[in-house]
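Reviewing the structure listed below.
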Amino acid sequence: MLQVEQLWFSYPHGKPIFQGFDWKVKRGETWSILGSSGCGKTTLLYLLAGLRQPTSGRVLIDGQLLIRPRPQTGLILQDYGLLPWATVRHNASLGLMVRDFYGSDGTHAPVRKEHVLGTDYWLERLGINSLTDKYPSQISGGQRQRVAIARTLAVQPDVLLMDEPFSSLDAATREDLQSLVSGLCVEHGITMIIVTHSIEEAALLGQNILLLNDPPNNAPSIFSNTQAGEPEYESSSAYQDICQRLREKMGVQ
């Protein structure tokens, strides 16, 4: 599904963040990207999204070289990215509206699948169908993030990239959305990659965990976490063990 081959990347006048870095993600897998501040987590996510280009090496999705943002890739950021003057319904429909404006050609916009799940479906699945006529300023942070998720899922991505999407939410809301998004990705066969600074969140959501070190990163540290997403996993000994292994590897007490 996704291949990173001999990736080199550095910002102008900076030292390399990635140096000959290789990584593979299979279709339908869920990954967490974890590491300390400045290790390159968000940079890697933006490279996967096509928002940045490698200094050398390449990123491929389904064997196609990624040279620009890909319409089948969904990206959810921490700040929601909602239009303040638009209603919940309008914000959730924005991706579909943009795609319909340009038309489906399979290159710049994906060809519609036979079974299209509309905005209303996702608003209902995310529990915000009663808020369709409200504006972002009239709803909570958790509800705004649900709108951003609905907007992204409405265009039927096959890859979902998330950059610390739950970090600003209260604990109860965060846990609810973590479970909901993880379940929806599994249900619809979406490959999910989430950047997080939280060891607990990485272990809870990623069936595979990519741990980045201080730059330059040249070889991935990968932890298998196959029980992630299973009921009651958070209270299991396997969850506690993987969290402890990650703390030890990161030098966190």
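When only Cα pairs below 8 angstrom with a gap of at least 6 residues are kept, the stretch 1-72 shows a relative contact order of 39 percent.
Of all the options GLU187, GLU200, GLU29, the one that moves most in a Gaussian network model of the chain with Cα springs shorter than 10 angstrom is GLU187. The eigenvalues of the Cα gyration tensor, multiplied by 5 and square-rooted, give the stretch 142-202 an equivalent ellipsoid with semi-axes of 18, 13, 10 Å from largest to smallest. Here each label is just a point 7 Å from Cα along the line to Cβ, and for GLU175 and HIS197 those points are 2.3 nm apart.
Histogrammed with a bin width of 5 Å, the alpha carbon distances of the stretch 152-253 distribute as 2, 11, 22, 24, 22, 12, 6, 1, 0 percent, first bin at zero. Only Cα sites of the chain enter the Debye sum here, all with the same form factor; the resulting log10 I(q)/I(0) across q = 0.15 1/Å is -1.12, listed in q order. In plain terms, the chain is cut at each of the trypsin sites (Lys or Arg not before Pro) found in a DSSP loop with at most 14 other Cβ atoms within 10 Å, and the longest leftover piece is 114-253. Computed extension length for ALA86-ASP241: 51.3 nm, one decimal, from 0.36 nm per residue of separation with the Cα-Cα distance subtracted. Debye-formula intensities of the stretch 29-69, expressed as log10 I(q)/I(0) at q = 0.18, 0.24, 0.28, 0.35 Å⁻¹, are -0.56, -0.89, -1.04, -1.18 (one equal scatterer per alpha-carbon, no solvent). The length gained by stretching the chain between TYR121 and VAL252 to full extension, at 0.36 nm per residue less their Cα-Cα distance, is 43.0 nm. A straight Cα-to-Cα reach below 28 Å connects LYS15 with the lysines LYS24, LYS41, LYS249, residues fewer than 8 places away in its own chain not being considered.
Here the contact order of the chain, divided by its residue count and restricted to Cα pairs under 8 Å and six or more residues apart, works out to 28 percent. Beta-bridge orientation, the chain: approximately 45 percent antiparallel, per DSSP, counting only bridges with both partners inside.
Read-outs: derived from the displayed coordinates by stated rules, not from any lab. What you see is a predicted model; the values in this text were computed from it and never measured. We place every Cβ from the backbone using ideal geometry, glycine too, and count neighbours over all the protein chains shown.
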